[in-house]
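Read-outs throughout are calculated quantities, based only on the coordinates presented, and are distinct from any laboratory measurement. This structure is a prediction, so every number in the text was calculated from the model and none was measured. Using ideal geometry, Cβ is built from the backbone for each residue, glycine included, and neighbour counts are taken over all protein chains shown.
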Amino acid sequence: MVRYEPAAKQPTATACQPGTRALLFAVRAAWPELAGFPSAYGCWNPRRIKGSSSWSLHAEGRAIDVHVPANMKNLGWELGCELSNRRQVYGVQRVIWDGHIWSIEQPRGWRELLASTKDKHRDHLHIEQWWADALKPSAVQATYENELKAARVKTGS
């Protein structure tokens with residue numbers, strides 16, 4: 001059984017991990033209509049989870065955020081579902097989007113976030129990778145990009 005990999009108690013990363021950066025650039029290439037917005041994409045940020053003492057995976061450089069405007073929520077769902085459905089291809093262990101979460105901890109589907117959750121992620125997707133995938137070389141970007149573009153062709157978006 002594959003387990004969720006939380007952030008370390010004292011993250012030491014100083015930048016986005018190469019495999020995570022590759023996923024970020026591949027999403028940008030496959031979903032260019034989301035790239036023109038302020039703070040459209042983000043990866044490394046040495047911060048804790050909002051309202052928690054635990055570190056965010058952004059502090060390890062293995063999480064990305066993708067901004068999705070309110071009038072493009074359907075694109076957010078298409079991207080989120082592609083990433084969760086084909087998690088092995090992209091090395092994804094968790095996706096949070098629009099008040100919902102998909103996680104390897106409960107991989108059977110999306111569930112609503114708890115009412116007490118501070119950040120409902122209604123304006124951006126939060127995407128996390130396992131360490132093995134985050135550390136992949138940047139050359140994996142071409143594979144990610146091809147897969148994401150092919151998925152968009154299938155959905156017709």
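Filter region 98-129 down to the residues that are among the charged types (D, E, K, R) and outside any strand (DSSP E or B), then identify the one that is surrounded by the most Cβ atoms within 10 Å (Cβ to Cβ).
It comes out as 98.
Give the residues of region 41-62 that are within 29 Å of residue 156 (Cβ to Cβ) and among the small types (Gly, Ala, Ser), sorted by residue number.
42
With β-branched (Val, Ile, Thr), at negative phi, in contact (Cβ under 8 Å) with a residue 12 or more places away in the chain and not in a strand (DSSP E or B) as the only criterion, which of 66, 95, 89, 153 stands out?
The unique qualifying residue is 89.
Among the listed residues 19, 80, identify the single one that is within 14 Å of residue 126 (Cα to Cα) and in a helix (DSSP H, G or I).
Exactly one residue qualifies, and that residue is 80.
Which of (1) surrounded by fewer than 11 Cβ atoms within 10 Å (Cβ to Cβ); (2) assigned to a loop (DSSP other than H, G, I, E, B); (3) of a type in the set (D, E, K, R) is the odd one out, the single condition residue 136 does not satisfy?
Only one criterion in (1) surrounded by fewer than 11 Cβ atoms within 10 Å (Cβ to Cβ); (2) assigned to a loop (DSSP other than H, G, I, E, B); (3) of a type in the set (D, E, K, R) is unmet by residue 136, namely (1).
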